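Read-outs throughout are calculated quantities, based only on the coordinates presented, and are distinct from any laboratory measurement. As the structure is a computational prediction, the values presented were derived from the model and not from experiment. No Cβ is skipped: glycine too gets one built from the backbone with ideal geometry, and neighbour counts run over all protein chains shown.
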Amino acid sequence: MSILDPEFSDFKKAEGYLSAGLPKRAEVIRPYQGLGEWKYLLIFDGDYYCEEIGRANLENLQNGYALTLMPQQGKNEYEIFPLTAEEVGYEPFTGSMNEEEFVLQGNRSTIVPGSFVQMDGCQYSYGSITAEAGLTGNLILIRP
């Protein structure tokens, strides 16, 4: 599983954990252990179903964290299609973490990454995204 080339099939196991919950063997890790590159999957499952995959980079800033999403493919009910920086841009989400929450704000959306865990040689984070129009979805980060 390459971080550079995410595929929708890379997220099958992670999507199962999203609906069934994480196994007890999952070990919670601190967000600073999650710095670096990830694959991500966004799922918007409402009136308009859409998924988006790409690369993500989580970095530590002087005053908090930044998560940059770099989309590569989208999928709706009918097709899989390429996404490029020119079409959708690379949106940086910045914010901070305290004892109770980790919130990252973008230009048009808010991400709450959720817990970072590791098990079976992989790391995961399950969170949410809310777009300015009130559209909500799930965010999954994975890496080998």
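Footprinting exposure proxy ranking of Lys12, Lys24, Lys39, fewest other C-beta atoms within 10 angstrom first, gives Lys24, Lys12, Lys39.
Taking every C-alpha pair closer than 8 Å and separated by at least 6 residues, the mean separation divided by the residue count of segment 36-144 gives a relative contact order of 23 percent.
Cβ crowding within 10 Å ranks Tyr65, Tyr40 as Tyr65, Tyr40, fewest other Cβ atoms first. Shown in residue order for segment 109-125 are the 3J(HN,Hα) couplings computed by the Karplus curve 6.51 cos²θ - 1.76 cosθ + 1.60 at θ = phi - 60°: 8, 10, 10, 10, x, x, 6, 9, 9, 9, 6, 6, x, 10, 10, 9, 9 Hz (x for Gly and Pro).
Explain nothing, just the number: relative contact order of segment 1-99, from Cα pairs under 8 Å at least 6 residues apart, as a whole percent. That works out to 21 percent.
Going from the residue with the fewest nearby Cβ atoms within 10 Å to the one with the most, Leu141, Leu61 rank Leu61, Leu141.
Think of the chain as a dipole: +1 on every Lys or Arg Cβ, -1 on every Asp or Glu Cβ, centred on the Cα centre; then among Leu42, Val28, Ser96, Val28 lies furthest on the positive end.
For segment 17-25, backbone phi angles converted through the Karplus equation (6.51, -1.76, 1.60; θ = phi - 60°) give residue-by-residue couplings of 5, 4, 8, 9, x, 6, x, 4, 6 Hz, Gly and Pro being listed as x.
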